[in-house]
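The values are calculated or read from the model by the stated rules, or taken from the named source; none is laboratory data. For clarity, every value in this text was computed on a predicted model and none was experimentally measured. Neighbour counts are summed over all protein chains in view; Cβ atoms, including those assigned to glycine, are modelled from backbone coordinates with ideal geometry. To get the accessible areas, we keep the full protein, side chains included, count just its heavy atoms, and leave off ligands, DNA and RNA. Shrake-Rupley method; radii C 1.70, N 1.55, O 1.52, S 1.80 Å.
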Amino acid sequence: MNVFIALLRAVNVGGTGKLPMQDLRQLCADAGFAEVRTCIASGNVVFKSRLTATPAKALLESALEKYAGKPVGVAIRAAAEMQAVLDDNPFPGLAPDRTVAIFLDAPPAPDALNGVTGLQDERIHPGAREIYVHYGSGMARSKLRIPAARNGTARNLNTVARLAEMAAARARETMHKSFMSPAAGRTERNASPG
């Protein structure tokens, strides 16, 4: 099974919002995803699926639209991709709670940072399918606008680290279970010389 992290865009998932975490977990389970876990109340879900990323994203977005009555965007990453987002942080010596990865569906265009406005002490760097931003004075004071990130969803690097670890743990469990299954054992014995 594949392990994915889904990051919901522009959805209030707090207890008084439109999508409480318990409902989000149930929605994912009803969609057929396994071992669903949520992480902090900001629309982060780790789950297993037999689907690949594109159909899993489409299925989750469809279920969310039925629930919310409007389209809800989702960025999705495999466990290794989320770890790569963390490893590729271009600002490793700076505060992770002031550094975000803005998750996009596709790689940022070469001119993605051309339309940036309101830049003060922020630092910006494109990634694989992310745009990294370090907010020197914090997000609350920032006037930064990145048009290329309009359809993205941001998570600070503390959250990215936590999601990467959750997903890696699920991936290790999956590998362990498949290695320990009777079918895997028979395959290994049959393949060994005799």
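Per-residue answers, yes or no, for (1) closer than 25 Å to R150 by Cβ; (2) at pLDDT 80 or above:
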site	(1), (2)
V3	no, yes
V11	yes, no
T16	no, no
L24	yes, yes
E35	no, yes
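Would you mind telling me which numbered condition in (1) over 13 Å from T99 (Cβ atoms); (2) part of a loop (DSSP other than H, G, I, E, B) A140 fails?
All conditions are met except number (2).
Only one of (1) free of Cβ contacts under 8 Å to residues at least 12 places away in the same chain; (2) open to solvent by less than 30 Å² (accessible area, probe 1.4 Å) fails for P71. Which number is that?
(2)
Please work out which one of (1) open to solvent by 20 Å² or more (accessible area, probe 1.4 Å); (2) in a loop (DSSP other than H, G, I, E, B); (3) under 23 Å from G73 (Cα atoms) is the condition D121 fails and give its number.
(3)
Could you please tell me which pairs satisfy a Cβ distance under 7 Å, a separation of 6+ or placement on different chains, a first residue in the range 138-165 that is closer than 23 Å to G115 by Cβ, and a second residue that is β-branched (V, I, T) and at pLDDT below 95?
Correct list of pairs: empty, since none qualify.
Would you say Y132 is part of a strand (DSSP E or B) and of a type in the set (F, W, Y)?
yes
Identify, by number, the condition in (1) among the hydrophobic types (A, V, I, L, M, F, W, C); (2) in contact (Cβ under 8 Å) with a residue 60 or more places away in the chain; (3) in contact with an Asp or Glu (Cβ under 9 Å, 6 or more places away or on another chain) that A63 doesn't meet.
If we test A63 against (1) among the hydrophobic types (A, V, I, L, M, F, W, C); (2) in contact (Cβ under 8 Å) with a residue 60 or more places away in the chain; (3) in contact with an Asp or Glu (Cβ under 9 Å, 6 or more places away or on another chain), just (2) comes out false.
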